[in-house]
Amino acid sequence: MTSSSPSRKADSVRRTTAFMRGAAAVTKLSHARLLPVVSVCRSVWFSSVTPAIFPGLVLGGSSLGARPPCSLTGFVANSGPATVAPSKWGALMSESLTRQVKITKQAVRGKGVVVAQNCRAAEVGAAILRQGGNAIDAAVATGMAIGAVEPWMSGIGGVGFMTIWSAKEGRAWTIDYGPVSARKLDPSVYKIVGPGPANPFAWPDILEQRNEVGYHSIAVPGMVAGLAKALERFGTLKWKDVLAPGVELAQRGMELDWYMQVMLAQGAQHLTKFPASRAAYLCDDGRVPSIDWAHNKRYLKLGNLGETMRRLAEGGPREFYEGSLARDIAADLQAGGSAISTDDLASYEARVVDPLSFEHNGVTVNVAGGLTAGPTLRRAIELAGDRTRGKGAPDAAFFTAFAEGMHKAYDERLKTLGDKPTNTCTTHFCAADSEGNMVALTQTLMSLFGSNVMLPKTGITMNNGMLWFDPEPNKPNSIAPGKKPLCNICPVVVARGGKAWFCIGASGGRRIVPAVAQLALMQIDRGMDVEAAFHQPRIDVSGVGPIRVNRDLPDAIKKAIAAKLPMVEVDNPISPLGFANPSCIVRDPKTGELTGMNEVMSPWAGGAAQ
């Protein structure tokens, strides 16, 4: 069941420029011989082209998909047919058009809800709820399936953290399944050859980008162990049954759409270096596969991933770490030069630990602690104090207090932990059920397509978790054997009155904490409902450079922020997103109804209800 209100739409104006940059990226890439050229008629541009490259959107109330993640209304017609080349985009995005589109996203409501950055994966989780599973079962099913629908973000070659609220126990837990470096790793392999910034972390430049691309960049993956631990400890269904949807999706292959083409085009430079990756994701000549513009679905076979998922479902989770599958994984890794061995896989264990919990304004915030961004979230909220409190939409006082607190918290993080912020390709999703259980789960391959290595025997796209380490020696986060690095992951469950109230998290590297903190405080301190909060323009305070302020914020707020700290106005386009990509589920304490919400500008993010 979905719902949306006119007031939400009235409050959610987004510039046409931001929306059309996603489409512009597709057209510009086509002129680089990566994607097909798009021919449009300007008077009906959205109605003629959107079904092909923006599936699932709503235009002026006319649905183009069964579960539209977004809505667009009020586009002003232009005249005459045209074939749009890159040089023409300026005319299409003239100031006369930039205020004509409203992009909204509908919340999903029900007694059980799953929200994810890919609505197909969310539907997998909701189906598990309908079969009688709980929120943990749904989260595990979603996590095991999502690698087949957005493999550039996460998959079984990845890592992550989750925060769980157990209704039975009346408390929160965190499961740590983060990356670990190989026990026989030689740090000298990662030779510094020049100053940074040469990568998203601004680390020094490493020989052959070994910490970022290829086999040397891979850390021991923990995703399978982490999801298995969650299912064993808190779930109700059998491993094989929970994996069944993911097996089916992996065997079918990845459905090709416009957004996937954009991701493939961004990753093609490195994907083409590795034969299995090139064969799975690209054409023989290295170009991105084209969409069938007649609307016939096209699927890319993800190497041997479908068979690997079947083996994993049949053999159980330890098959990944100790069975024949583990031996295949280790053989491929070592053939490519990785130090990861069968011993590294066999010794990997996900850990169930206490979360970092703290009080704020009458609620308990539970977040992953330790080497995650949880401590930074707590410090930012602590520094903002009660200055973020009020009623309704955040005002200048809210944003200035938050900006100052977040800025100082990040400054402390950089000085004491040695972490440097980054943009990553991560995914986040949430699940909640009628029993009171909630899960906030963030998992990642780290960079876009991780290491860009697809293992030939298994079809697993592997992480590049070694990029989370500082390559400079003698630092708190320096590369070392058998070590866990720092990360920006921040899954949260907020409890009120001894029960889970909402769960939230995000993808987006350095931008995760500011997004999660703002959206949490809008609900805790301002009393906003989740749908209004997600349509509220935000700021990003990531510890490096000026504060990034959404251009759609009122001028008075922007002036107040500028008076305190350096800032720059930015748009929030579809690709790349200008801010983090959050998801959240909230429980109504009176009715028990659950409301799920995703980032408005994320084109395939959506939810599904039980």
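Just a few scattered comments:
- Inter-label distance, LEU565 to ALA393: 2.2 nm, where each label sits 7 Å from its Cα along the C-beta direction.
- 15 Å Cα-Cα reach of LYS297 towards aspartates and glutamates, excluding residues that sit fewer than 8 places from it in its own chain: GLU255, ASP257
- Sequence-distant aspartates and glutamates (8 or more away, or on other chains) whose Cα lies within less than 15 Å of LYS273: GLU208, GLU212, ASP284, ASP285
- Segment ALA294-ALA556, extension gain: residue separation times 0.36 nm, minus the distance between their alpha carbons: 89.5 nm
- Diffusion coefficient, µm² s⁻¹, Stokes-Einstein with Kirkwood Rh over alpha-carbon pairs of region 460-502 at 4 °C and 1.567 mPa s: 97
- Ascending count of other beta-carbon atoms within 10 Å, so fewest first, for CYS490, CYS430: CYS490, CYS430
- Annotation for region 289-352: chymotrypsin sites (Phe, Trp or Tyr not before Pro) lying in DSSP loop with at most 13 further Cβ atoms inside 10 Å of their Cβ are TRP293.
- Among the listed pairs LYS102/LYS408; LYS191/LYS301; LYS391/LYS559, those beyond 27 Å (Cα-Cα): LYS102/LYS408; LYS191/LYS301
- Region 119-175 and region 338-392 have Cα centres lying 18 Å from one another.
- Projecting label points 7 angstrom from Cα along Cα→Cβ for GLN131 and GLU314 puts them 1.8 nm apart.
- For region 488-527 and region 551-570, distance of Cα centres in Å: 23
- Electrostatic tally near THR426: other residues with Cβ closer than 12 Å to its Cβ, Lys and Arg +1, Asp and Glu -1, net +1.
- Measuring how big region 222-300 is from its alpha-carbon positions, Rg and Dmax come out at 16.7, 47 Å.
- Straight-distance candidates among the aspartates and glutamates for linking to LYS229, with alpha-carbon spacing under 16 Å and chain neighbours fewer than 8 residues away dropped: ASP137, ASP176, ASP241, GLU319, GLU322, GLU349, ASP354.
- Residues CYS283, CYS487, sorted so that the one with the fewest Cβ neighbours within 10 Å comes first: CYS283, CYS487
Taken together, the values in this text are just the output of simple stated rules run on the coordinates, not laboratory data. Just so you know, these numbers come straight off a predicted model, no measurement behind them. Note: ideal-geometry Cβ built from the backbone for every residue, glycine included; neighbour counts use all protein chains shown.
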